[in-house]
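Visitor: Sharing a structure here in C-alpha cells format.
The values are calculated or read from the model by the stated rules, or taken from the named source; none is laboratory data. Please read these numbers as outputs of a predicted model, since none were measured by experiment. No Cβ is skipped: glycine too gets one built from the backbone with ideal geometry, and neighbour counts run over all protein chains shown. When the accessible area is computed, the model is the full protein with side chains, heavy atoms only, and any ligands, DNA or RNA have been set aside. Shrake-Rupley method; radii C 1.70, N 1.55, O 1.52, S 1.80 Å.
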Amino acid sequence: MSSTVAFLASFVSVLIGAAIGMILKRSLPADLLAGGSKEAIRLGAGFLSTLAALVIGLMIASAKNTYDNQNSNIRQLGTNAVLVDQMLTKYGPEAKAARTLLREIIPSATVRIWRESIDGDGGSTFVVSGTAERFYNAVEGLKPANAEQTSLKSRIIEITTEMGRTRLLVFTQSDNAIPVPFFIVLTFWLVVIFASFSLFAEPGKIVIASILVFAISVSSALFLIVDLSHPFSGLMQISNHHLHAVLPKIE
C-alpha cells in the first residue's frame, strides 16, 4: 500500500463517516438521540477515539524507528566501505585489484537496494552479484607476507562480512507498517468516530470546515506511517548520498 493510497482511502472514509452521521441525524427522531442514548454514544466514541489515537501514535513511533534503522544501515554500509578501502590501501599494491572491484560494488549495490525496495522484489538480495563475488575472491586471494598484512586481511574479511550482514538487514527490516486488514479496521474506527461527531452537531460552515481539517489531519498521520515504513521510496525516502559520498574517498 502506498502512502498516497492510504491518505486518500482514509480521507474519503472519514468524510463518508461524517456524512453518515449527518444523514442519521436528519432521519432519526430527536428523542432517540437525547438523554441516555446521547451519553452512551459519546462515551463509546470517546473510548474509540482514545484507542485509535493510541494505536496511531504507536504506529508512528514504530514506522519512525524502522526509518531510522534503515538510515543507520545505509550509513553503516558507507562507513564500512571506507574502512575496507583504507585497509586495502594500507595492505599494499597487491590489493589494488580488490580496491578497483570495491569501487564498482558501491554504486551497483546502491542501485540494487533502491530498486528492490521500490519494486518489492527481494529475490536478488540473496544472490551475490558477480562483482561482489570477484571482490571477495580477490580479498581471499591476498597472500600476506608479514604479520601486519595477516592482521589486515583478517580485519578486511571481518568488515566485508559485516557489510553483507548489513545488506541483508536492509532487506529484512523492510516491511509494511500497516497490513491491509489492520488498515481496514482502523479506517472503520475512524468512520464510526466521525459519524458520532456529526450525529450531534448541526450542519454548518464551521462544522463542515472542522470535519475537513480533522479528516486531513488524521489521514496525514496514516500517510506518515506508510511513507516512513517505505524509506527507499515516497516523499521522505532515505537519500543515497550516504553511499555516493564515499565514492570519491575510494577512488
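Visitor: Taking amide H positions as placed in the peptide plane 1.01 Å from N, state which residues far from ILE238 in sequence (5 or more) or on other chains have amide H under 5 Å from it.
Guide: PHE232, SER233
Visitor: Order LEU51, LEU222, most accessible first, counting only protein heavy atoms with a 1.4 angstrom probe.
Guide: Ranking LEU51, LEU222 by accessible area, largest first, yields LEU51, LEU222.
Visitor: Over the chain, average the accessible area per residue using a 1.4 Å probe and give it in Å², no decimals.
Guide: 53
Visitor: At 7 Å along the Cα-to-beta-carbon direction for both ALA147 and LEU43, put a label point, then send me their distance in nm to one decimal.
Guide: 8.0
Visitor: Stretched out fully, how many nm does the piece from PHE188 to VAL55 gain, at 0.36 nm a residue minus the Cα gap?
Guide: 46.5 nm
Visitor: Then there's this: Which residue fluctuates the most in the chain, going by a Gaussian network model with Cα springs under 10 Å, if the choices are GLY36, GLY141, GLY44?
Guide: Comparing GLY36, GLY141, GLY44 in a Gaussian network model of the chain, the most mobile one is GLY36.
Visitor: Ordered by residue, what ³J(HN,Hα) values in Hz, to whole numbers, does the stretch 207-222 give under the Karplus form 6.51 cos²θ - 1.76 cosθ + 1.60, where θ = phi - 60° and Gly and Pro are x?
Guide: Taking θ as phi minus 60°, the curve returns 5, 5, 5, 5, 4, 4, 5, 5, 5, 5, 5, 5, 5, 5, 5, 5 Hz for the stretch 207-222.
Visitor: Under a crude label model (7 Å from the Cα following the beta-carbon direction), how far is ALA19 from LEU83 in nanometres?
Guide: 5.8
Visitor: Within the accessible area of the chain, what % is carbon and sulfur when the probe is 1.4 Å and the other protein chains stay in place?
Guide: Here carbon and sulfur together make up 66 percent of the probe-accessible area.
Visitor: What is the Cα convex hull volume of the stretch 1-123 when expressed per residue in Å³?
Guide: So the per-residue hull volume is 120 Å³.
Visitor: If you don't mind, another one. Measure nothing fancy, just the Cα-based angle from helix 180-199's long axis to the longest principal axis of the chain, in degrees from 0 to 90, nearest 10.
Guide: Once rounded, the angle reads 30 degrees.
Visitor: Could you work out [θ]222 nm for the chain from helices alone, using -39500 (n - 2.57) per DSSP H run of at least four and dividing by all its residues? Round to the nearest 500 deg cm²/dmol.
Guide: The helix contribution divided over the chain gives -26500 deg cm²/dmol.
Visitor: Using the Karplus curve 6.51 cos²θ - 1.76 cosθ + 1.60 with θ = phi - 60°, work out ³J(HN,Hα) for each residue of the stretch 230-239 in order, rounded to whole Hz, and write x for Gly and Pro.
Guide: Using θ = phi - 60°, the values come out as 10, x, 9, 8, x, 5, 10, 5, 5, 6 Hz.
Visitor: Across the chain, how many lysine pairs separated by 8 or more positions, or lying on different chains, have Cα atoms within less than 16 Å?
Guide: 8
Visitor: Quick check: the angle from helix 3-27's long axis to the longest principal axis of the chain, C-alpha only, nearest 10 degrees?
Guide: So the helix axis and the longest Cα principal axis differ by about 10 degrees.
Visitor: For SER154 and ALA9 in one chain, what is 0.36 nm times their gap in residues minus the Cα-Cα distance, to one decimal in nm? Could you put the intermediate results ahead of the total?
Guide: Details: separation 145, 0.36 × 145 = 52.20 nm, distance 5.35 nm.
Between SER154 and ALA9, full extension yields an extra 46.9 nm.
Visitor: If I model a spin label at GLU162 and GLU133 as a point 7 Å from the Cα along the Cα→Cβ vector, what separation in nanometres do I get?
Guide: Placing both labels 7 Å beyond Cα along the Cβ direction yields 2.7 nm.
Visitor: Have a look at the chain and give its Rg and Dmax from the Cα atoms, expressed in angstrom.
Guide: 27.0, 94
Visitor: Now for a different question. Please compute the length gained on full extension between SER72 and LEU235, using 0.36 nm multiplied by the number of residues separating them and subtracting their Cα-Cα distance.
Guide: Values: separation 163, 0.36 × 163 = 58.68 nm, distance 1.86 nm.
Difference between extended and current length: 56.8 nm.
Visitor: Right, here's the next one. Compute the angle between helix 147-172 and the longest alpha-carbon principal axis of the chain, please, reported from 0 to 90 degrees and rounded to the nearest 10.
Guide: 20
Visitor: Further question on the same structure: Under 15 Å from a label point 7 Å along Cα→Cβ of ARG26: give me every residue in the stretch 203-219 with its amide N that close.
Guide: Under 15 Å, as judged by backbone N against the label point of ARG26, lie 203-205, 208 of the stretch 203-219.
Visitor: Determine ³J(HN,Hα), in whole Hz, for all residues of the stretch 67-73 in sequence, where each value follows from phi through the Karplus function 6.51 cos²θ - 1.76 cosθ + 1.60 and θ = phi - 60°; x replaces Gly and Pro.
Guide: 3J(HN,Hα) across the stretch 67-73, in whole Hz: 4, 5, 5, 5, 4, 5, 4.
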